[in-house]
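Asks: Quick one: structure below, then a few questions.
The values are calculated or read from the model by the stated rules, or taken from the named source; none is laboratory data. Note that the coordinates shown come from a computational prediction; the quantities given were computed from them, not determined experimentally. Here the Cβ positions follow ideal geometry from the backbone for every residue, glycine too, while neighbour counts run over all protein chains shown.
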Amino acid sequence: MLSSLTALALFVIVPLVEPQVDQAPPLIDDAKLQAAGMFRYWQASLPLPPGDSPDEAHLVDEALYVVTDGGVLFALTANTGLVRWAAKLTEADHRIYSPTHIRTADGAGPVVIPTSTKVFIHDRFSGDMIQSFTPEFAVGSPAVGYDDVLFMGGADGRFYSLRLNHPLAREPFKRWAAAAEGRVTAAPVLYAHDMLLFASQGGAVYSCRAADKTLNWVFRANGPITGDPVVDESGVYLASLDRSLYRLHLLSGRVIWRVRLPRPLDEGPVVTAHTVYQYCPGHGLSAIDADTGREKWRSDNARAFLAHTRNGDIVFTSDHRLEVLDHDNGDVRHSIEAPAKTRTASNRNDDAVYLLGRDGRVLCARLDSVPYLRRQQVIAARQQLNRPPRDEAKVARKAREAGDARTDTSLSDPLRSRRDVRP
C-alpha cells in the first residue's frame, strides 16, 4: 500500500497491535538499557517507502510526528507507539516544517503542517485532510493557531495571521500582517490564551495580542534569531546568532539575564525542570540555571537534550551515544552506543526517550521504575486510535446514571494530554 505514497495523497497505515513486542531487533540492546536504569517501553517499525528514512521527529502533546527525507509524515501515539496515519506531503527536496496542533475548546484540534510550497491541515487522529492551500507569501516558519485562525512567518520579512473559514473567501483570508524586520523562520508561540510571540532574522522579538496585533513589547537582540523561542510562566527564553542566550521578562520584554557562548546559536533552547539546555556548535550542550543564568554544567560531546529524569539528564552525543548525566555537575553516569545516523526527539514533559533508526525503527525507552505498557492499555488505545479523546465528564455522568459512581478506567483515553485542553 505504501508504494502509492509517491502520490500527494493521504494513506491510513494499519497500526501495530502491540508495539512493545515489535518483531524487529531492538534498536538498542535491552541489556544496555537495563544497565542504565531504563527499559524498552515500546518499539515500532514504520512501513517506509523504498529508499526513505526518518529525518526528524517532533513530540506534540500526545502525538509523535516523524518526518522522512522523502517527504512523508507519520503520526504515532507517543504513549503506545501505535501508528495513526501517514501522508505523503511533498517531494524530497521540499521542507516540512514542525507540525503543531491548533488550539480548540475541546482539546482535539487538528494538526497543521506547513511545507515550503503548501500548508496542510489534517484531523490529527484520523489523518483525514481538512484543508490544504498555497499561501500568497513564501512560508518561512511553522504555524500556530486557535479555532479557525492561523499564525505563521513569511520568508518576505512579514508575519501573518490567516482566517481559515472566511464566509466570503474560498482561500484562507488574511486578517493582518506585520513587518518583522527580517525573515521569520523560528516557530511562533501562543501563550496566556490570547498572546502571541514571534522572532525574526532581523533580531527582533515581538509580543502582541493575537487578535489584532496590538503590541505589548519588542526586544532586539544583536544578531538574527533562527532557533525557536520558548515561553513559560517564568519568562521568554531565546538564542541568537549574537552568541547569546537570553531570558526575558514575560510582561515587559526586559532582559533578566544573558549568557554569552563562544559560537553563534542557530538552535533554540529546551527548558525543563528550572534548567535551560542550549546547544552551541563546537562547544557542546550547556545546562543553565533558569533562575540565575549560571552554568550548571557543560558536555563537550553532547548534541541534543532528550529528557529530564529522576536518574539524570539524558542527552544524545555527536558520536551517537545515549548518555545519562548528573543533574548538578554533568558527570556521565551511563553511556550507551546507538546505531549510526540515529535521530532523536526532545521531550520536555516526562522521562520518555525517543530514538529513530534509519530503517524506520522507533524506540521509546523509559526508567525501569515506570510500569510496563500493559496489553489492556494498548487495546484501549487502539480502539480510540483514530478518534478524538472521550469527554471524561460525560463518561462519568453515564456511569452515575447507570447506578455506578465508579468510572471504568479502561474506558478513559490513555492518550489524552492535559496540556492539550484550552482553559
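Asks: Can you tell me which residue in segment 285-341 is nearest to Gly268 (Cα to Cα), limited to those that are of a type in the set (Val, Ile, Thr) and in a strand (DSSP E or B)?
Replies: Only one residue fits best here, namely Ile288.
Asks: Do we find that Asp359 is part of a loop (DSSP other than H, G, I, E, B), acidic (Asp, Glu), within 25 Å of Asp52 (Cα to Cα) and out of contact with any Asp or Glu (no Cβ under 9 Å at 6 or more places or on another chain) in this structure?
Replies: yes
Asks: With respect to Arg95, is the statement that it is in contact with a strand residue (DSSP E or B) (Cβ under 7 Å, 6 or more places away or on another chain), more than 27 Å from Glu337 (Cα to Cα) and surrounded by fewer than 20 Cβ atoms within 10 Å (Cβ to Cβ) true?
Replies: yes
Asks: Look at segment 51-73 and say how many of its residues are on the phi > 0 side of the Ramachandran plot and either within 18 Å of the chain's Cα centre (by Cα) or modelled with pLDDT of 95 or more (or both).
Replies: 2
Asks: How many residues are closer than 20 Å to Ser53 by Cβ, aliphatic (A, V, I, L, M) and free of Cβ contacts under 8 Å to residues at least 40 places away in the same chain if we restrict to segment 312-342?
Replies: Matching residues across segment 312-342 total 1.
Asks: In segment 37-51, how many are surrounded by fewer than 20 Cβ atoms within 10 Å (Cβ to Cβ) and either of a type in the set (D, E, K, R) or outside any strand (DSSP E or B) (or both)? Reasoning before the result, please.
Replies: Looking only at segment 37-51, we keep the residues that are surrounded by fewer than 20 Cβ atoms within 10 Å (Cβ to Cβ), and these are 37, 39, 45, 47, 49-51.
Now restrict to residues that are either of a type in the set (D, E, K, R) or outside any strand (DSSP E or B) (or both): 37, 47, 49-51.
Qualifying residue count, segment 37-51: 5.
Asks: Limited to segment 234-249, what total is found for residues that are part of a loop (DSSP other than H, G, I, E, B), within 13 Å of Phe219 (Cα to Cα) and more than 21 Å from the chain's Cα centre (by Cα)?
Replies: Number satisfying all stated conditions: 1.
Asks: Take the conditions over 22 Å from Arg258 (Cβ atoms) and either crowded, with 22+ Cβ neighbours inside 10 Å or polar (S, T, N, Q) (or both) and apply them to Leu355. Does it pass? I'd like the intermediate steps shown before the answer.
Replies: Numbers: over 22 Å from Arg258 (Cβ atoms): yes; either crowded, with 22+ Cβ neighbours inside 10 Å or polar (S, T, N, Q) (or both): yes.
Yes: the conditions hold for Leu355.
Asks: Output the qualifying pairs, or none if there are none: Cβ atoms under 7 angstrom, residues six or more apart or on different chains, first residue in segment 295-311 and more than 21 Å from Asp350 (Cα to Cα) and among the small types (Gly, Ala, Ser), second residue at pLDDT 95 or above and assigned to a strand (DSSP E or B).
Replies: Here the result reads Ser299/Gly284; Ser299/Leu285; Ser299/Val315; Ser299/Leu325, each pair linking segment 295-311 to a residue that is at pLDDT 95 or above and assigned to a strand (DSSP E or B).
Asks: Conditions first: (1) closer than 19 Å to Ala180 by Cα; (2) out of contact with any Pro (no Cβ under 9 Å at 6 or more places or on another chain); (3) surrounded by 19 or more Cβ atoms within 10 Å (Cβ to Cβ); (4) among the small types (Gly, Ala, Ser). Ala138 passes all but one, so which condition is the exception?
Replies: Exception for Ala138: condition (3).
Asks: Contact list please: Cβ distance under 8 Å, first residue in segment 205-220 and touching a residue at least 12 places away in the same chain (Cβ under 8 Å) and buried (at least 16 other Cβ atoms within 10 Å of the Cβ), second residue in a loop (DSSP other than H, G, I, E, B) and of a type in the set (Val, Ile, Thr), pairs at least six apart or on different chains.
Replies: So the pair list comes out as Val205/Ile225; Cys208/Thr214.
Asks: Which of (1) surrounded by fewer than 18 Cβ atoms within 10 Å (Cβ to Cβ); (2) under 20 Å from Pro26 (Cα atoms); (3) touching a Pro at 6+ places or on another chain (Cβ under 8 Å) is the odd one out, the single condition Asp368 does not satisfy?
Replies: (3)
Asks: Still on this structure: Return the residue satisfying two criteria in turn: it lies in segment 250-281 and is among the small types (Gly, Ala, Ser) and within 23 Å of Thr185 (Cα to Cα), and of such residues it is nearest to the chain's Cα centre (by Cα).
Replies: Gly268
Asks: What is the number of the single condition among (1) touching an Asp or Glu at 6+ places or on another chain (Cβ under 7 Å); (2) buried (at least 21 other Cβ atoms within 10 Å of the Cβ); (3) closer than 19 Å to Arg303 by Cα that Leu265 does not meet?
Replies: (1)
Asks: Six or more apart or on different chains, Cβ atoms under 9 Å: show the pairs whose first residue is in segment 223-248 and at positive phi and whose second is among the small types (Gly, Ala, Ser).
Replies: If the second residue must be among the small types (Gly, Ala, Ser), the pairs left are Gly235/Ala290; Arg243/Gly223.
Asks: Of everything in segment 300-345, what is within 19 Å of Val276 (Cβ to Cβ), small (Gly, Ala, Ser) and crowded, with 19+ Cβ neighbours inside 10 Å? Give them in sequence order.
Replies: Ala302, Ala307, Gly312, Gly330, Ala345, listed by residue number.
Asks: Taking the stated definitions as given, is Ile121 in contact with a Phe, Trp or Tyr (Cβ under 6 Å, 6 or more places away or on another chain) and at pLDDT 95 or above?
Replies: Spelling it out, it is not the case that Ile121 is in contact with a Phe, Trp or Tyr (Cβ under 6 Å, 6 or more places away or on another chain) and at pLDDT 95 or above.
Asks: From the residues in segment 184-196 that are outside any loop (DSSP other than H, G, I, E, B) and in contact with a Leu (Cβ under 8 Å, 6 or more places away or on another chain), which one is surrounded by the fewest Cβ atoms within 10 Å (Cβ to Cβ)?
Replies: Keep residues of segment 184-196 that are outside any loop (DSSP other than H, G, I, E, B), which gives 189-191, 195-196.
Adding the requirement that they be in contact with a Leu (Cβ under 8 Å, 6 or more places away or on another chain) leaves 189-191, 196.
Values: Val189: 19, Leu190: 20, Tyr191: 16, Leu196: 23.
Out of the qualifying residues, it is Tyr191.
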